[in-house]
Amino acid sequence: VQLQASGGGLVQAGGSLRLSCSASGFIFSISTMNWYRQAPGKERELVAGITSGGMTDYRDSVKGRFTISRDNAQNIVYLLMNSLKPEDTAVYYCQARFLGRAYWGKGTLVTVSS
């Protein structure tokens, strides 16, 4: 299983970024895909998730600003982040949940300047 996250970077508050996570090595279309983040000195937290059927869920602090989506033909999950805030600064990780197991990729750093 391989998960490769990309798209992070430095952005000013109010800006946007789109993260991508390319997946391989498992049946992507029947997996639940999640985005987590970990800020310095804090625990990793779930940001958004999307089921194999396309149902989505978000943590309260990002609702209305972030959108998770998936492309089952390309085996990619996206996280579109709008109206970014300094408190969104973190390393963002994608996670695949497949047949009862969780798989993690390396993260991508998002830095939001005020």
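The values are calculated or read from the model by the stated rules, or taken from the named source; none is laboratory data. Model, not experiment: these values are computed from the prediction. In this analysis, Cβ positions are derived from the backbone assuming ideal geometry, glycine residues included, and neighbour counts consider all displayed protein chains. Accessible surface areas use protein heavy atoms only, side chains included; no ligands, DNA or RNA. Shrake-Rupley method; radii C 1.70, N 1.55, O 1.52, S 1.80 Å.
Some points to look at:
- Rg/Rg_ref, the chain, where Rg_ref = 2.2 N^0.38 Å and atoms are Cα: 0.99
- When Rg and the Kirkwood Rh are both derived from Cα coordinates, the Rg/Rh ratio for segment 32-90 amounts to 0.98.
- Expressed as a whole percent, the accessible area of the chain that falls on carbon and sulfur atoms is 48 (1.4 Å probe).
- Here the calculated FRET efficiency for I27 and S114, from their Cβ-Cβ distance with R0 = 41 Å, stands at 0.45, rounded to the nearest 0.05.
- Model label points for K106 and L80, set 7 angstrom from Cα along the Cα-to-Cβ axis, are 2.8 nm apart.
- Percent antiparallel among DSSP beta bridges (both partners in the chain, rounded to 5): 90 percent
- Computed from point charges on the beta carbon alone (+1 for Lys and Arg, -1 for Asp and Glu), the dipole magnitude for the chain about its Cα centre is near 80 Debye.
- Ellipsoid equivalent to segment 1-56 - semi-axes via the Cα gyration tensor, in Å: 23, 14, 13
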